[in-house]
Amino acid sequence: MDAGLETAIARLRGLIAHELQREFPGATVCPLPKGGWAAVYHGTPVTAGDAVMLRAQLAAMNSSSMEVLGLRYVLALCLGLRRGELLGLRWRDVNLETGRLEVVDTLQRVGGRLLLVPPKTEDSARTVPLPSLCVAALWEHRKRQLAERSAAGPAWRDHDLVFPSRRGTPLEPGNLRRSWHPLRSAAGLDGVRFHDLRHTCVTLLLNLETPPQVVREIVGHSDIGVTMTIYAHASLDDRRRALRRLGDALG
């Protein structure tokens, strides 16, 4: 095999392995005998029924602070946004008139500081259409944030962030994870990580017969194999329903 081709293949395999490690936090990523990689996923799957229950829990929130929390989780569930993408989202990248957002930055800790940096792969930088429920919620969130900014006066430090801290500064990522824990418990989803909402988005879209390539573009996977790896970890309930449909079809 040509040395240049071998180098290109090795680089591609390295990129896929990196994407799997990023997409499956805590998973064991290992090489396969005939090439490629496999991820042994240790997360907790969320079924379609779980997602509906969580959506109802989010809709029941009535305080302004809880509504903001709920909106973050709705966007993660509907759009498959990563935590850094969600916290790095700026209003200049959201067009509520046309119903779309651009993922152009991600909030990351670099050298002990929270910074907005470009996504790690070209596919992660993407345009995502907004479902109507997200558009309506973002309009209300925008109005609420403008009122909070006015009330804060000079204490507000504007970074144009959609989900800043109470002072307008970048939000500590750990706070998002901690606020998720009581909400998941109330919805009966103990053990489900925030990142599992992204995987749920992938699974629900594929269950709705969305073409895998379209799903890959929505969530920003660099390789469609990562998209299908997530789907391969669908819950037992999803598999049971699929086999029930097969049984019905076979009579």
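Sequentially through the stretch 115-131, phi angles give Karplus couplings (6.51, -1.76, 1.60; θ = phi - 60°) of 10, 8, 10, x, x, 6, 10, 4, 6, 5, 7, 7, 9, 10, x, 9, x Hz, Gly and Pro residues having no value and appearing as x. Its alpha carbons give the stretch 78-138 an Rg and a Dmax of 12.1, 39 Å. Rolling a 1.4 Å probe over the protein chains gives H141 an accessible area of about 10 Å². Summarised as an ellipsoid, the stretch 104-154 has semi-axes of 26, 21, 6 Å, derived from the eigenvalues of the Cα gyration tensor scaled by 5 and square-rooted, with the largest first. A DSSP coil position with no more than 12 other Cβ atoms inside 10 Å describes none of the chymotrypsin sites (Phe, Trp or Tyr not before Pro) in the stretch 149-201. Along the stretch 176-188 the Karplus relation, 6.51 cos²θ - 1.76 cosθ + 1.60 evaluated at θ = phi - 60°, assigns HN-Hα couplings of 5, 5, 5, 6, 6, 4, x, 5, 5, 5, 5, 8, x Hz to successive residues, with x for each Gly and Pro.
Summing charges over neighbours of E172, with a neighbour being any other residue whose Cβ is under 10 Å away from its Cβ, gives +3 when K and R count +1 and D and E count -1.
Rolling a 1.4 angstrom probe over the protein chains, ignoring ligands and nucleic acids, what is the accessible area of S124 in square angstrom, nearest 10? Counting only protein heavy atoms, S124 exposes about 0 Å² to solvent.
The values are calculated or read from the model by the stated rules, or taken from the named source; none is laboratory data. All values reported here derive from a predicted model rather than from experimental measurement. Because the Cβ atoms are built from the backbone with ideal geometry, glycine has one as well, and the counts that use them run over all protein chains shown. With ligands, DNA and RNA removed, areas are computed over all heavy atoms of the protein, side chains included. Shrake-Rupley method; radii C 1.70, N 1.55, O 1.52, S 1.80 Å.
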